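Shown next, in structure tokens, is the structure this report addresses.
Each value in this text was obtained by applying a stated rule to the coordinates, not by laboratory testing. Just so you know, these numbers come straight off a predicted model, no measurement behind them. Quick reminder, even Gly has a Cβ in these numbers, built from the backbone with ideal geometry, and neighbours come from all protein chains shown.
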Amino acid sequence: MPASQASQASQVSQAEFDRLWGQLEPVGRASSGGYRRFAWTAADLELREWFAAACAERGLDLTVDRAGNQWAWWGNPDEAGPGLAIGSHLDSVPDGGAFDGPLGLVSSLLVVDMLRREGVGPGARPGARPGASPGNRPGAGPGAGPTRPLAVVNFTDEEGARFGVACGGSRLLTGALAAPRALALRDDAGTSLAEALRAAGRDPEDLAADPAALGRVGCFVELHVEQGRGLVDLGRPVAVGTAIWGHGRWRFELPGEANHAGTTRLSDRRDPTLAHATLVLRARELAEQHGVLATCGKVRVEPNGVNAIPSLVTGWLDARGGDDAAVRALVADFNEAVAAFGGTLTQESWTDRTPFDTGLTTRLHAALDQAPYLPTGAGHDAGILANAGLPTAMLFVRNPSGVSHSPAEYAEPEDCLAGVRALARAVKELLG
């Protein structure tokens, strides 16, 4: 096949993208129009089954590490040496958008299709349709292949929406989150992670760091929808990530005294919701003062009755910024404000500012026609792997509104396809 025809045949079509996207679209859809795809729920298990089926369709060898992450390999890293991994996650925040996570997984699977059509990979034939014959299965039969294995990975519980620790799957994998602590985490209904795993048919005793699985990976590239307006301002569809801001979560508990809403005088009340309201405003003041971001987006009230003064309010602070010291200073000041109300502040997670691998980002910048560099304030599994010492990079796809973690999250179809093409070029660059 002439080179021009091969190149044209290898391009992903809108119909191909729409087919995979349409399979995911109804799973975990909430009445708000957003998604509730929480770890180890029925929706999450359906998504894991979808991923496994999509990988089987492409002849990829699926494994699950001890942290529960799914890895679909093209080629054997145990024989050929550590490979290149691409992928993202499928879970969501409460009422989250459709693109945060799934865009990276759909794009990664389509990249496998593109490479196979170009004749890249063991047994692949230029122009052949994915799954057309056993000889076109990755790893089946002789033929030209990439110089290193390729994996598509689906990380579990990236958002931490159910059990409160973001990037739970990658933190467990790398040992950044200890298994005993993870198993004791509980959701809002009181269900522990150990109980959730049993309900999903998994043995909690298997949960552990997995250095063997991590050792199969030589580098990781994650494609993700941008969660801001940087690319809108730059006028480009795709950017190369440079770093993830330092970010963390803190829980603050404010004690009160339960009492009757209709018989307790205002002067006799110990109402912790007033302290919580004051602290929400204080977090905003401190964010402006220190030049970082702070959000109090979750609250739990006990006993949570309309006609009852609460006995306890539990709130959460999310703080992040480009300067780790400034974020820490905000938290220290916020802790003083919490203590003044007789409350306590407990750190649930923290990740230092994480730069991505300079060599990888430089290569991708050049391979993608000088794609702009872009830092992000959003946490990602790529950041956890980078902190574990794995060479890691990210690609971001333009979000026209800049809105994320909301049903309004969006990416234009042509930008999604541009992202797939960019990821394919990145993979070919790194596979040699």
> Going by average Cβ neighbours within 10 Å, how do the peptides 307-319, 191-203 rank, with the highest at the top?
Replying inline: 307-319, 191-203
>> What's the ranking of 70-82, 417-429 by average number of surrounding C-beta atoms within 10 Å, highest first?
In response: 417-429, 70-82
> So, counting K/R as plus one and D/E as minus one, what does the shell of residues with Cβ under 12 Å around residue 77 add up to?
Replying inline: -1
> When you count, for each residue, the other Cβ atoms within 10 Å and take the mean per peptide, how do 350-358, 34-42, 234-242 rank with the highest first?
Replying inline: 34-42, 234-242, 350-358
> In nm, to one decimal, how far is the modelled label at residue 304 from the one at residue 66, with both set 7 Å along Cα→Cβ?
Replying inline: 3.5 nm
> At a Förster distance of 35 Å, what's the computed FRET efficiency of residue 11 paired with residue 295, Cβ-Cβ distance as r, to 0.05?
Replying inline: 0.30
> If you take all C-alpha pairs in the chain, what percent of them are over 28 Å apart?
Replying inline: 51 percent
> About the Cα centre of the chain, what is the dipole size in debye to 20, counting +1 per Lys and Arg Cβ and -1 per Asp and Glu Cβ, all else neutral?
Replying inline: 460 debye
>> Can you tell me what share of the DSSP beta bridges in the chain is antiparallel? A percent to the nearest 5 is fine.
In response: 70 percent
> What shape does region 140-235 have by the C-alpha gyration tensor, where a ≥ b ≥ c are the square roots of the eigenvalues, rounded means a/c under 1.5, and otherwise prolate means a/b greater than b/c and oblate the rest?
Replying inline: oblate
> Once you list every other residue whose beta carbon is under 13 Å from the beta carbon of residue 97, what net charge do they have if Lys and Arg are +1 and Asp and Glu are -1?
Replying inline: -4
>> Tell me the Kirkwood radius of region 247-351: reciprocal of the mean inverse pair distance over distinct alpha-carbon atoms, in Å.
In response: 14.2 Å
